[in-house]
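Before any comments, here is the structure.
All of the numbers you see were taken from the coordinates with simple rules; none came from a lab. Here the structure is a predicted model, which is why all the values come from computation and not from measurement. For neighbour counting, all protein chains shown are included, and Cβ atoms are generated from backbone atoms with ideal geometry for every residue, glycine included.
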Amino acid sequence: MQSFSNKVVIVTGGGSGIGEEVARRFVATGASVVIGGRNAQRLEQAAARIDASGARVRTLAGDIADPATADALVALAQREFGGVDILVNNAGVFNPKPFLEVSPAEYDGFLDIILKGKFFMAQVAAKAMLQRGGGAIVQTGSLWAIQAIGATPSAAYSAANAGVHALTRNLAIELAASNIRINTVAPAVVETPVYGTFMSAEQVKEVLPTFNAFHPLGRNGQPADVAQAILFLASDEASWITGAVLPVDGGVTAGRQ
């Protein structure tokens, strides 16, 4: 297991799912972590699960679509833990809807949270990393930005995440001379609470298993599957990897059975 002793990490969307699992693993390997999200109570509950002592986790509730939230997350990491070494740009939303029915407000929501949120979070974190001599950024993109999936129409979501993938390549070139690496994971169906934001608990229990066979490896992903890939890309073991978009998708992008 990688060691992140004395590293300071910011994880957006850290109150549940992939973000919480990532934060938990960072703390378990020696890091101090700031988790962000929109729901203060959910963040506090996640923080208690991540580090019961409270010594190495802090929380900040805010809307990542507002650049002021990014500023506040970095300021908190600097004040409490001394700086920023790693950013996990993970916050996002998902809600399949036919293209012809998407409203301007819904479109703005996807672009603001997924793309604008990651853009300005990366910008302020990178400025802080310059003070530490470098760092690593790992973003959560999406399989849907690589392939269109007919069962889950997601034009605005997919377009926003395609922007995240392009941002990864551009920032890799711009930030390389500053010793800041940036990579992105592109998950397929991962069983997280995001599905409960647009389906009932009964629907989630009924629908999610139908996606197991969609993946050549025969099962949906779990938060740990994606978290371990994120930790690898954030670690010194990946010191010669930047600008990569890594599918973590049970084989979906490889082709169909």
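Distance from the Cα centroid of the stretch 227-257 to that of the stretch 167-186 is 14 Å (rounded to whole angstrom). Karplus-based coupling profile of the stretch 163-170, in residue order and whole Hz: x, 4, 5, 5, 4, 4, 5, 5, with θ = phi - 60° in 6.51 cos²θ - 1.76 cosθ + 1.60 and x standing for Gly or Pro. Between Asn161, Asn90, Asn179, the GNM of the chain built on Cα springs shorter than 10 angstrom shows Asn179 fluctuating the most.
Above 29 Å, the calculated P(r) of the chain contains 25 percent of its Cα-Cα pairs. Separation of the stretch 73-141 from the stretch 17-68 is 14 Å, based on Cα centroids.
Sparse packing (at most 12 other Cβ atoms within 10 Å of the Cβ) combined with a DSSP loop state is found for the following trypsin sites (Lys or Arg not before Pro) in the stretch 201-257: Arg256.
Summed over qualifying helices (DSSP H, 4 residues or more, each -39500 (n - 2.57)) and divided by its residue number, the chain shows a 222 nm mean residue ellipticity of -12000 deg cm²/dmol.
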